[in-house]
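Some notes on the structure that comes next.
The values are calculated or read from the model by the stated rules, or taken from the named source; none is laboratory data. Remember, predicted model here, so these are calculated numbers, not experimental data. So basically every Cβ, Gly included, is an ideal-geometry build from the backbone, and we count neighbours across all protein chains shown. What goes into the accessible areas is simple: the full protein's heavy atoms, side chains included, and nothing from ligands, DNA or RNA. Shrake-Rupley method; radii C 1.70, N 1.55, O 1.52, S 1.80 Å.
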Amino acid sequence: MPQEPTERRVVVTGPPRRALPHASSYYRPRTEIDEQTTLGHTYVRSLMRIQLRTGVTVFAVLALLMGPLPLVFAAAPDARLEWAVLGFGLYPPLVLLARWYVRRAERNERDFVRLVEDR
């Protein structure tokens, strides 16, 4: 008994109905930075400027905290007062200032990465 040929399915393809945007048409700040274009330079310069502003702010506060210390130590020759000022009056603000600086610097970098990422 002869076997009947089975029907073959033919898949017809054509051009896609919706054109997908090419990867090159996306705006990529990371590429601008890697290729060192003027825009990429502006991005990096803005990050460096805000990090410098944060550092200068910390330096100014530190100078205001430590600047009058020689006058305080010269006015009161008592060694216990010097240690009390250094231990209780200066150390806690320095720790808080350092914590603020680290958090601010990390936030600046996080904001920069969020700006540059392709999200």
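Listed by first and then second residue, the pairs linking a residue in the range 30-48 that is within 13 Å of residue 108 (Cβ to Cβ) to a residue that is modelled with pLDDT of 80 or more and among the aliphatic types (A, V, I, L, M), with Cβ atoms under 8 Å apart and 6 or more places separating them unless they lie on different chains, are 43/115; 43/116.
Restricting attention to the range 41-84, the residues being more than 25 Å from residue 98 (Cβ to Cβ) and open to solvent by 50 Å² or more (accessible area, probe 1.4 Å) number 10. The residue that is modelled with the highest pLDDT, among those in the range 29-40 that are open to solvent by 100 Å² or more (accessible area, probe 1.4 Å) and part of a helix (DSSP H, G or I), is 38.
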